[in-house]
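The values are calculated or read from the model by the stated rules, or taken from the named source; none is laboratory data. Bear in mind the structure is a predicted one, so any value in this text is a computation, not a measurement. Positions of Cβ are generated from backbone atoms using ideal geometry, with glycine treated the same way; all protein chains shown enter the neighbour counts.
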Amino acid sequence: MPPSHEEHTGARIADYRKLRQLSQTALAQRAFLARSTIAKVEAGLCPASTTVVAAIARALQVEVAVLHGQPYIGELRQDHLDRLISPLSEALDMYDLGPDPDVTPRPVDRIAEDVAALCAATCATEYKDVGTKLPGLVGELTTAVALLPAGPDRQRASENLAWSYWVSYEFAYRLGYHHLASIALERMGWMAEQAQDPLLLAVRLAKRSSMLLRRGDNRMSLRVIERGHGLVEQAEDRRSVNALAVSGSLYLASAIAAAQAKNEDSVTGYLELAGRAAEQIGRDVPDAYWCSFGVTNVRHYEVATRVELGRLGEAVKEAKRLHFPPGHPKMRMGRYYMEMGRAYVQMGKAEAAHRALKRAREAAPQQARYHPLMRETIGALVRRQRTASDSLSSMAAWVGM
């Protein structure tokens, strides 16, 4: 049976608040938020931002994923994705057990082609295809690294295993298995060190900063990003496209962290630095260390940071300048349209919000189906209307409401 539309993040916040014997006012004081914000979120009338949910989770001493109700088991079962988690977990556990006697690795070049294809599929949010192929690829590369002698082939195998761990992180994180994602990220760091690739290590730190931001830890996130910049400085060619893409992505991550901390001057500074990196590259480079970086991504973050800062009118104005070129990563496009959906709901523009959510579904359906922001924004639209349209009701049912 699908969950009730009353089973939303705000309802879970209200439940935990009552269990902690706190009033809305007391929770607001502990979370450094306005009581009216707590009231709107609990009523499900406003999709809570990452910053708000993180602050409330800290005050209530629960995980953010618990408040979001992740993972969404019912939908995972419908899509046959739940059965892919256990094989991946087992593959990640094999990291230090040496070669598997039942596995004969292919040449590294052939394996690398499959890894690149999985990275591309991850950016396209093709979770089912990724989850089906990933455990076997992780196992094959684990054995290859264990069998190969020190040298270029082993280093290349280590690099590709690190990227397969990156895919594992993305797959687990997007489906709501955050503990498994953390394990994958640790494995990525360990293998990137063996690959002796500072840019890979920097990419891993960018993902670590994202997990910290989800918990609302802006200060630690910025420290991690600063360490990432230090790693970029160790790259053989700091002016290469790859180094600029990784560096620019780190600046964009800093801009989001600063926006969550409501530090507008820092947001502007980080966006300017990211813009310079994009100008030096001169084009979008979505597959440069799979950062999806370029001028388009900088413009996306100009919109996203304004939404985070609460400057919704400015965000909508900036959004008119943003046009996604053919082939732009679906992961980025889907996220952008969900962010705009949230902004339009906060502005009271239900029709515009509904259109944005439809575009998110069209751009990246598997991402949208499992993203808390999509679910909460749809819920807010439903609860703000006397009668939901057939289209909105259909979308609500699709995400499991």
| message | Scan the stretch 128-139 and tell me whether some residue there is surrounded by fewer than 24 Cβ atoms within 10 Å (Cβ to Cβ), over 29 Å from Gly74 (Cβ atoms) and more than 17 Å from the chain's Cα centre (by Cα). | response | yes
| note | Only unsatisfied item for Thr25, checking (1) in a helix (DSSP H, G or I); (2) within 22 Å of the chain's Cα centre (by Cα); (3) modelled with pLDDT of 85 or more, is (2)
| query | Does the stretch 294-316 contain any residue that is in the same structural domain as Arg219 (by TED's automatic domain parsing), closer than 26 Å to Ala116 by Cα and touching a strand residue (DSSP E or B) at 6+ places or on another chain (Cβ under 8 Å)? | reply | yes
| Considering the stretch 35-93 alone, what residues qualify as being free of Cβ contacts under 8 Å to residues at least 40 places away in the same chain, crowded, with 16+ Cβ neighbours inside 10 Å and assigned by TED's automatic domain parsing to the domain that holds Arg20? | Thr37, Ile38, Ala39, Lys40, Val41, Glu42, Val52, Ala59
| task | Give the residue, chosen from Leu161, Leu185, Leu141, that is among the hydrophobic types (A, V, I, L, M, F, W, C), in the same structural domain as Ala91 (by TED's automatic domain parsing) and more than 23 Å from Ala245 (Cα to Cα). | result | Leu141
| Is one or more of the residues making up the stretch 210-224 β-branched (Val, Ile, Thr), free of Cβ contacts under 8 Å to residues at least 60 places away in the same chain, crowded, with 21+ Cβ neighbours inside 10 Å and not assigned by TED's automatic domain parsing to the domain that holds Asp129? | yes
| said: Given the criterion in contact with a Pro (Cβ under 7 Å, 6 or more places away or on another chain) and assigned to a helix (DSSP H, G or I), identify the matching residue among Leu250, Leu231, Leu244, Leu273. | reply: Leu231
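If you check Arg355, Arg375, which single one turns out to be among the basic types (Lys, Arg), surrounded by fewer than 18 Cβ atoms within 10 Å (Cβ to Cβ), under 25 Å from the mean Cα position of the chain (by Cα) and in a helix (DSSP H, G or I)?
Criteria check complete, one pass: Arg355.
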| Given the structure, is Gly98 in contact with a Pro (Cβ under 7 Å, 6 or more places away or on another chain), surrounded by fewer than 20 Cβ atoms within 10 Å (Cβ to Cβ) and of a type outside the set (S, T, N, Q)? | no
| remark: The residue that is farthest from Asn242 (Cα to Cα), considering only those in the stretch 188-209 that are basic (Lys, Arg) and surrounded by fewer than 24 Cβ atoms within 10 Å (Cβ to Cβ), is Arg208
| task | Output yes when any residue across the stretch 335-352 is closer than 19 Å to Gly69 by Cα, in a helix (DSSP H, G or I) and among the aliphatic types (A, V, I, L, M), and no when none is. | result | yes
| Out of the residues in the stretch 174-209 that are more than 21 Å from Gly248 (Cα to Cα) and free of Cβ contacts under 8 Å to residues at least 24 places away in the same chain, which is nearest to the chain's Cα centre (by Cα)? | His179
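Is it the case, given these coordinates, that Ala396 is over 20 Å from Val303 (Cα atoms), surrounded by 18 or more Cβ atoms within 10 Å (Cβ to Cβ) and among the aliphatic types (A, V, I, L, M)?
So Ala396 fits the description; yes.
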| query | Quick one: which of Glu314, Glu279 is within 30 Å of Ala55 (Cα to Cα) and not small (Gly, Ala, Ser)? | reply | Glu314
